[in-house]
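The values are calculated or read from the model by the stated rules, or taken from the named source; none is laboratory data. Just so it is clear, the model here is predicted, and its values are computed rather than measured. Ideal geometry is used to build each Cβ from the backbone, glycine not excepted, and the neighbour counts take in all protein chains shown.
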Amino acid sequence: MSETLRKDNRKHEFMSAALELFYQKGYENTTIKDIIDALGVSKGAFYHYFESKEDIIIAIASEFTSRAARIIEEIFERPDLSAVEKMNLAFASLNEYKIRESEWRTKFKGAILNDENLKLQNMIISSMKNEIRGLYAGLIETGVKEGVFGDPVDSVDMAEFLLDTGFNLTGALHDLQSSYYHRENGISHEEFLEKLDRKVYFYEVILERMLQVKKGKIDLRGPVVKRARLEW
């Protein structure tokens, strides 16, 4: 085993132990001492890889985002697909990725999704957008050249707006999921899926209007409903 791989493995051991503790105790209630005690290592070993507790949770989020970015990049580089097809395939593939990583996502969301961690949540979202904004800006420019997207005025601003819309959808789905789990409205699972479908359809139409594509060209509902049936 190479020295680089040994270092990566130890770093991932810290990240795995930290995520488990953040999930069990909450991010705010977990200390660096808790993390090093869980692994039986020194404080110096922790600081060899991370500068702070905040640094390690950002590293955990960045690893997830980097893998997602690679999925998007591979799809966007395909010469056999149109810009719309690339966007739809990327969305479907990202939902498949979320299904595969459902345990990780449950733990991560459980660790940071509370009002005490709003600043941290915003930092992580900003980091995620920085990682993939350029990819979507490039796709938008490609779509304009193909004549399938309307003039966005500024492709980077449009990419930013598109990603903000995506994160808003994620938040809306989380709220809908929480409402269903707490049975606030006493709805059945099928009724919940119908409400989810209507919610995603709204965002689907918004994206079509933003990108100035024909109605029915953007497919958000299929991948989201599939994931909802498997996870929720």
Kindly indicate whether residue 229 is assigned to a helix (DSSP H, G or I), over 21 Å from the mean Cα position of the chain (by Cα) and surrounded by fewer than 17 Cβ atoms within 10 Å (Cβ to Cβ). no
Of all residues in segment 146-193, count the ones that are among the aliphatic types (A, V, I, L, M), closer than 17 Å to residue 113 by Cα and at pLDDT below 90. 3
Of the conditions (1) outside any loop (DSSP other than H, G, I, E, B); (2) among the β-branched types (Val, Ile, Thr); (3) buried (at least 18 other Cβ atoms within 10 Å of the Cβ), residue 218 clears all except one; give me its number. (1)
Subset of segment 49-75, residues crowded, with 19+ Cβ neighbours inside 10 Å and farther than 23 Å from residue 117 by Cβ, comes to 72, 75
Residue by residue through segment 34-84, note down the ones that are touching a Gly at 6+ places or on another chain (Cβ under 6 Å) and at pLDDT below 95. none
Please determine, by comparing only the residues of segment 122-148 that are of a type in the set (S, T, N, Q) and in contact (Cβ under 8 Å) with a residue 40 or more places away in the chain, which one is surrounded by the most Cβ atoms within 10 Å (Cβ to Cβ). 142
Considering only segment 156-166, I want to know if a residue exists there that is more than 16 Å from the chain's Cα centre (by Cα), among the aliphatic types (A, V, I, L, M) and surrounded by 12 or more Cβ atoms within 10 Å (Cβ to Cβ). yes
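Residues of segment 74-90 being small (Gly, Ala, Ser) and in a loop (DSSP other than H, G, I, E, B), which ones?
82
Please verify whether residue 176 is of a type outside the set (Phe, Trp, Tyr), within 23 Å of residue 77 (Cβ to Cβ) and assigned to a helix (DSSP H, G or I), treating the condition exactly as stated.
Taking the combined requirement at face value, the residue does not satisfy it.
Can you report the number of residues in segment 25-48 which are of a type outside the set (Val, Ile, Thr), exposed (fewer than 13 other Cβ atoms within 10 Å of the Cβ) and not in a helix (DSSP H, G or I)? Spell out how you get there, then give the answer.
Step one: of segment 25-48, the residues of a type outside the set (Val, Ile, Thr) are 25-29, 33-34, 37-40, 42-48.
From what's left, exposed (fewer than 13 other Cβ atoms within 10 Å of the Cβ): 29, 33, 37, 40, 42-44.
Retained after the next criterion (residues that are not in a helix (DSSP H, G or I)): 29, 40, 42.
Residues that pass the stated criteria total 3.
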Here the residues within segment 96-119 that are farther than 16 Å from residue 167 by Cβ and not in a helix (DSSP H, G or I) are 101, 114
Note on segment 73-88: residues free of Cβ contacts under 8 Å to residues at least 40 places away in the same chain, under 19 Å from residue 133 (Cβ atoms) and hydrophobic (A, V, I, L, M, F, W, C) are 75
Unique match (being part of a helix (DSSP H, G or I), more than 25 Å from residue 215 (Cβ to Cβ) and assigned by TED's automatic domain parsing to the domain that holds residue 177) among 93, 66: 66
Considering each of 86, 129 in turn, give the residue that is of a type in the set (Lys, Arg) and within 13 Å of the chain's Cα centre (by Cα). 129
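Does residue 191 satisfy the criteria of being free of Cβ contacts under 8 Å to residues at least 24 places away in the same chain and in a helix (DSSP H, G or I)?
Values: free of Cβ contacts under 8 Å to residues at least 24 places away in the same chain: yes; in a helix (DSSP H, G or I): yes.
So residue 191 fits the description; yes.
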